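What follows is one structure encoded as structure tokens, with my remarks underneath.
Any read-out appearing in this document is the output of simple, stated calculations on the displayed coordinates, not a laboratory observation. Predicted, not measured: the structure shown is a model, and the values here were computed from it.
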Amino acid sequence: TLAAPEREAGARIDAAIVAYERKALVFETLPLLLACPLIRRVIVADNASSDGLAREGPARFPQVQWIALARNEGCTAWNRAASAAEAPYLLILDDDCVPDLASLAAAQARMERESDVGLAVFNIINAATGASEWAPFDDLDGSRGWANAIGACMLVRLDAFRAVGGYKDFFLCFNDLDLVLSLWEAGFRVVYDASWRALHRKQGAAKRRLYFEMRNFTATV
């Protein structure tokens with residue numbers, strides 16, 4: 001987990017969660033992020049949830065920066081969080097996913113050493129099964145360059161994210177692939193390391209997922 005005894009001075013990562021109707025998961029994730037010595041600020045963009053998150057969240061976690069949206073903006077809500085971020089790196093997270101501390105430190109160190117790396121992609125581990133969600137690609141080496149991402153956990157260079165305009169107006173599904181392609185086109189590398197692990201307390205599939213997958217894959221192509 002991200003739990004640590006004290007926050008390091010000069011933390012260089014802001015963490016951003018986009019939430020919709022999953023207050024309990026957000027409240028489980030926030031203490032882990034707030035205890036991380038590498039994270040200087042946690043930002044939650046609430047996509048107009050009806051479960052009371054926007055009301056209860058600031059009262060329960062006043063140290064978090066809350067952005068309450070008037071409507072569900074989907075993945076472009078991360079752009080709102082990015083506009084409030086100030087650290088050099090932005091940790092993009094689903095509300096049910098956290099990286100382990102060593103993995104986050106290693107990914108940041110890689111990006112500090114190599115200024116052309118715009119995005120570090122994590123190995124997403126399903127909490128229920130222990131299996132990697134990248135399992136079909138286990139034999140591929142993405143350490144020098146990678147062409148996709150699972151947006152449950154990614155570390156992005158904030159300037160690079162802003163340079164490509166962040167996420168496009170895709171509601172969900174393949175929005176991360178579009179971001180990766182945009183970064184490559186802008187001259188940034190995307191890398192993946194299987195040792196960078198993030199635990200995904202994955203919930204059920206989103207409603208109308210097949211519709212969004214077909215629509216967004218077609219748009220991406």
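Here are the numbers for the structure shown:
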quantity: Hydrodynamic radius of the stretch 56-152 per Kirkwood, over alpha carbon pairs, in Å; calculated: 15.9
quantity: Proportion of all alpha-carbon pairs of the stretch 59-99 beyond 14 Å (%); calculated: 58
quantity: Distance histogram for the stretch 1-133 (every C-alpha pair counted, 10 angstrom bins, percent rounded to whole numbers); calculated: 12, 43, 35, 10, 0
